[in-house]
Every structure is written in structure tokens, then in C-alpha cells.
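Written out below as C-alpha cells is the structure these notes cover.
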Amino acid sequence: MNGRHIAFWIVFFVAFLICKRFIPWFGSLPGDIEIRKENLYVALPIVSCLLLSIVLSLLASIIRRF
């Protein structure tokens, strides 16, 4: 992995943590994967990220038109 991949994953996880804190339903939608074991917690907010991507894409599209 080069530096760009590492930077991408760091930004992804920081954005996830920020969204999880300020948007309580983020990561809790049907289709989001959450694995909890004794010393392990893995969250894969697939549906939440898709929804966020659609909203941000629509917002960017509206902003570009004006």
C-alpha cells in the first residue's frame, strides 16, 4: 500500500467516526454490518455510506447548476 491508500483509509475512518457521533442513525440502517465480539468491534456502514454518497452527489449537482 502506498501513502495515498493509507491516507484514504484514515480519512474514511475519521469521517465514519464523525458521522457516527453527530448523526446517531449513521451505521444503524438495515444493511449495515456490525460485528461485536469480546475484544473486537467491526462496523461496515455499507447502506449508510451509499445514502450519504447519493445525498452528497445530489447536493454537488445542485450547487454546480448555480
Fill in the blank from the handout: Over the chain, the sum of -39500 (n - 2.57) across DSSP H runs of at least four, divided by residue number and rounded to 500 deg cm²/dmol, gives at 222 nm -21000 deg cm²/dmol
Fill in the blank from the handout: Quick shape check on the chain: root eigenvalues a ≥ b ≥ c of the Cα gyration tensor, a/c under 1.5 is rounded, otherwise prolate if a/b tops b/c, else oblate, and it reads oblate
Practice task
Scan around residue 27 for amide H atoms under 5 Å from its own, H built in the peptide plane at 1.01 Å from N, and keep only partners 5 or more places away or cross-chain.
Solution key: 48
Practice task
Kindly express, to the nearest 10 degrees and within the range 0 to 90, the angle between helix 3-22's C-alpha long axis and the longest C-alpha principal axis of the chain.
Solution key: 90
Fill in the blank from the handout: At R0 = 30 Å the Cβ-Cβ FRET efficiency linking residue 9 and residue 65, nearest 0.05, sits at 0.35
Practice task
Please order 37, 20 by the number of other Cβ within 10 Å, starting at the fewest.
Solution key: 37, 20
Completion exercise
In a Gaussian network model of the chain with springs linking alpha carbons closer than 10 Å, the residue among 50, 40, 17 that fluctuates most is 40
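Just so you know, all these numbers are worked out from the coordinates, no wet-lab data involved. Just so we're clear, the structure is a prediction, and the values are computed from it rather than from any experiment. Here the Cβ is made from the backbone with ideal geometry for all residues, glycine too, and neighbour counts use every protein chain on show.
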